[in-house]
Amino acid sequence: MKNYPPEFKADAVALYESRTDATIRSVAADLGINPETLRNWVMAAGASRPRGRRTQEPVQPPTPLEAENAALRKKVREREEEREILRKAAKYFTGETRC
């Protein structure tokens, strides 16, 4: 049974929460961990994704360009977070294999 550092667990849960379109299985596969392990971490953290729609509607709908920019910013944030988690995982696993 592998023992993961608390930072890795917290980052994995944060990644799952930030990727609303992803499943536990897909996030676990990206990180190279068992889906049940990630599911346990999510439940232990009491994490939940916000569901439902916002109660306040914007006064003016965003223009297509603003909507595209917002979507691209979100993707950039997700990719940066994923990259950081993968870097930490690589450091963790590299340290484990050295004798």
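Within region 30-72, take every residue that is among the hydroxyl-bearing types (Ser, Thr, Tyr) and either modelled with pLDDT under 70 or surrounded by fewer than 10 Cβ atoms within 10 Å (Cβ to Cβ) (or both) and give me the one that is farthest from Tyr4 (Cα to Cα).
The extreme case among them is Thr63.
Out of region 26-42, which residues are without any contact (Cβ under 8 Å) to a residue 12 or more places away in the chain and acidic (Asp, Glu)?
Result: Glu36, single match.
The values are calculated or read from the model by the stated rules, or taken from the named source; none is laboratory data. Here the structure is a predicted model, which means the values were calculated and not measured. Reconstructed Cβ throughout: ideal geometry from the backbone, glycine too, with neighbour counts over all protein chains shown.
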